[in-house]
Amino acid sequence: MTHLTEHNLMKFNNLQSTIYNLQSTIYNLQSTTHHSPLTTPHSPLPTPYHPLSYLCLMIDCIVVGSGLAGISFCEELRKNGKTFMVFDNDSQVSTNIAGGLYNPVILKRFTPVWKAEEQLDTALPFYAALESLLGEKFDHKIPVYRRFTSVEEQNNWFVAGDKPGLSPFIETSVHHFELPGVEAPFGYGRVLQTGRVDTEALQKAYVSYLQDTGCFRQESFQYDRLQVMNDRVIYDGIEASRVIFCEGFGMKKNPFFDYLPLNGTKGELLIIEAPELELDFVLKSSVFLIPLGERRYKVGATYKWKDKTNIPTEESRMELLTKLQSFFKGPYEVIDHVAGIRPTVADRRPLVGQHPEFSRLYCLNGLGSRGVMIAPFAAKQLYQSMYGQQEIVPEMDVERYRSKYQSTVSG
Ligand SMILES: Cc1cc2nc3c(=O)[nH]c(=O)nc-3n(C[C@H](O)[C@H](O)[C@H](O)COP(=O)(O)OP(=O)(O)OC[C@H]3O[C@@H](n4cnc5c(N)ncnc54)[C@H](O)[C@@H]3O)c2cc1C
């Protein structure tokens with residue numbers, strides 16, 4: 001069941017959907033009288049309990065989450081002819097509301113993003129392939145201009161542009177141009193190889209594609225209904241070789257991977273309409289101003305470490321407006337305000353790889369504030385390690401937290 005054509009894959013998934021629906025109905029009827037054993041990471045593995053397990057169809061992977069991580073991993077599976085089923089419950093919105101920028105330079109410190117070149121080499125063809133698969137444009141290749149606030153910043157920019165890791169991404173000249181409502185006496189520096197992926201449109205189109213191919217369940221993945229065996233897993237009548245958890249900040253509720261140090265950083269963005277400003281580039285000053293077309297812009301973002309809800313706050317709105325007005329004096333109107341939790345990690349590296357004890361379980365998480373660039377790279381690494389082609393870069397591998405897991409289990 002590993003190599004299927006696109007057409008056969010669709011037929012297979014539709015058949016599987018029908019069987020799954022039948023199983024779920026019978027299972028739900030039976031569960032009113034039948035108490036199912038639970039599987040938790042720290043309890044003995046139960047024997048298969050599903051009363052209709054003989055009807056199970058074997059698939060390659062269950063994927064939990066359809067954000068950038070889930071989409072990127074599904075694409076690895078699809079390209080390699082693997083069968084899969086995706087679950088999503090809309091509990092996290094990071095991908096849906098993100099600014100969508102990809103930018104290989106950290107513009108606060110003028111340092112390169114970790115493995116920027118490798119990330120871009122994977123990400124750009126990845127989004128191009130999705131555009132042809134889904135027949136829609138997602139990757140808008142627009143420049144990013146950093147507004148300088150002093151001569152010192154200009155000098156730091158020149159120095160940065162001469163550094164080996166940064167020279168492909170920094171244009172070492174200072175640009176001067178007029179923008180209505182924006183003063184910039186020290187000019188701007190241009191970052192190269194940047195763009196914006198419309199992550200909201202991408203997620204919508206991809207989920208719709210998964211639904212059409214019968215690979216998507218709009219529901220919560222219930223961890224206590226997962227049976228993990230040495231050679232496979234069973235979940236509500238689906239038998240799979242592996243489960244890949246791509247839940248973003250939702251992973252905090254996952255009893256298998258909750259030992260990992262996923263912190264979560266709340267971010268908020270405003271959408272404004274500025275009738276006199278027509279930018280065809282991203283402007284970075286104290287906040288990003290990201291053009292969406294028709295003189296609408298995303299303004300953001302904030303970073304908050306305590307509040308873990310997806311609810312926009314007045315405090316962040318004021319913070320964003322104060323920062324915007326520090327460099328933009330033109331008229332505008334706020335038309336929307338969104339919030340989400342970035343899946344951030346203390347050491348700023350993704351959480352990718354196999355569970356230390358349950359070899360059928362994997363996670364793809366910790367994409368932080370740069371999911372657009374890093375998700376395709378991390379997904380590819382995970383896929384290749386899973387199928388024995390290459391090991392995961394150690395800095396991203398969850399193996400680095402093995403001792404944390406051991407102390408959690410023994411404690
Ligand atoms: C305000 C803001 C601005 C940002 N701007 C940028 C930017 O400009 N550029 C950039 O690269 N990155 C940006 N990011 C970061 C980016 O959004 C993330 O890195 C990325 O989207 C994370 O993707 P993910 O798939 O890991 O998580 P998510 O997008 O959170 O997706 C996880 C999915 O799993 C689902 N899920 C969770 N638990 C369960 C469960 N039990 N059952 C079923 N489904 C479940 C959720 O519903 C969700 O759909 C921004 C983030 C924020 C908040």
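Three semi-axes describe the equivalent ellipsoid of the chain; taken as square roots of 5 times the Cα gyration tensor eigenvalues and ordered largest first, they are 42, 22, 20 Å. For the stretch 363-411, the residue among Met396, Gln384, Thr408 whose Cα projects farthest onto the positive side of the dipole built from Cβ charges is Thr408.
Convex hull of alpha carbon positions in the stretch 204-259: directionally averaged projected area 4.7 nm². If the segment from His175 to Arg348 were pulled out straight at 0.36 nm per residue, it would be longer than the present Cα-Cα gap by 59.1 nm.
Place a point 7 Å from Cα of Thr309 in the direction of its Cβ. Which residues in the stretch 329-362 have their backbone N less than 18 Å from it? Answer for the stretch 329-362: 337-342.
At the listed q of 0.12, 0.20 Å⁻¹, the Debye profile of the stretch 67-179, built from one uniform point per Cα, gives log10 I(q)/I(0) equal to -0.61, -1.18. Percent of C-alpha pairs per 10 Å bin in the stretch 221-378, short distances first: 10, 31, 26, 18, 11, 4, 0. Oblate is the label for the stretch 366-411. Its Cα gyration tensor axes, ordered a ≥ b ≥ c, give a/c of at least 1.5 and b/c at or above a/b.
Here the gap between Glu399 and Asp212, fully extended at 0.36 nm per residue and compared with their Cα-Cα distance, gives a gain of 63.7 nm. Taking Lys and Arg as +1 and Asp and Glu as -1, the other residues whose beta-carbon sits under 10 Å from that of Glu395 total +2. The per residue volume of the convex hull around the alpha-carbon atoms of the stretch 159-215 is 130 Å³. If you take all other residues with their beta carbon under 9 Å from the beta carbon of Gly181, and give Lys and Arg +1 and Asp and Glu -1, the sum is -1.
Using C-alpha pairs below 8 Å separated by at least 6 residues, the relative contact order for the chain is 21 percent. Multiplying the residue separation of Thr111 and Thr149 by 0.36 nm and subtracting their alpha-carbon distance yields 11.9 nm. Electrostatic tally near Glu273: other residues with Cβ closer than 12 Å to its Cβ, Lys and Arg +1, Asp and Glu -1, net -2. Exposed loop sites here mean trypsin sites (Lys or Arg not before Pro) with a DSSP loop assignment and at most 13 other beta-carbon atoms within 10 Å; the chain contains its longest site-free run at 142-305. Give the residue list of chymotrypsin sites (Phe, Trp or Tyr not before Pro) in the stretch 153-229 that are DSSP loop and have at most 14 other beta-carbon atoms within 10 angstrom. Sparse-neighbourhood loop chymotrypsin sites (Phe, Trp or Tyr not before Pro): Phe177.
For the chain, the longest principal axis of the alpha carbon atoms and the long axis of helix 371-386 meet at an angle near 30°. Mean separation of Cα pairs under 8 Å and 6 or more residues apart, divided by the residue count, gives the stretch 163-214 a relative contact order of 32 percent. Using a 10 angstrom cutoff on alpha carbons, build the Gaussian network for the chain and name the most mobile of Pro312, Pro185, Pro112. Maximum among the listed residues: Pro185. Listed by chain and number, the lysines whose alpha-carbon sits under 17 Å from that of Lys204, ignoring those within fewer than 8 places in the same chain, are Lys137. For the pair Glu278 and Gln390, a Förster radius of 51 Å applied to the C-beta separation gives a FRET efficiency near 0.65, rounded to the nearest 0.05.
Rounded to the nearest 10 degrees, the angle from helix 68-79 to the longest Cα principal axis of the chain is 60 degrees. For the chain, the longest principal axis of the Cα atoms and the long axis of helix 116-134 meet at an angle of about 70 degrees. Roughly how far apart, in whole Å, are the Cα centres of the stretch 209-286 and the stretch 339-408? If you average the Cα positions of each part, the centres end up 13 Å apart.
Values quoted throughout were computed directly from the atomic coordinates according to the rules given, and no laboratory measurement underlies them. Source: prediction; values computed, not measured. Neighbour counts run over all protein chains shown; Cβ positions are idealised from the backbone, glycine included.
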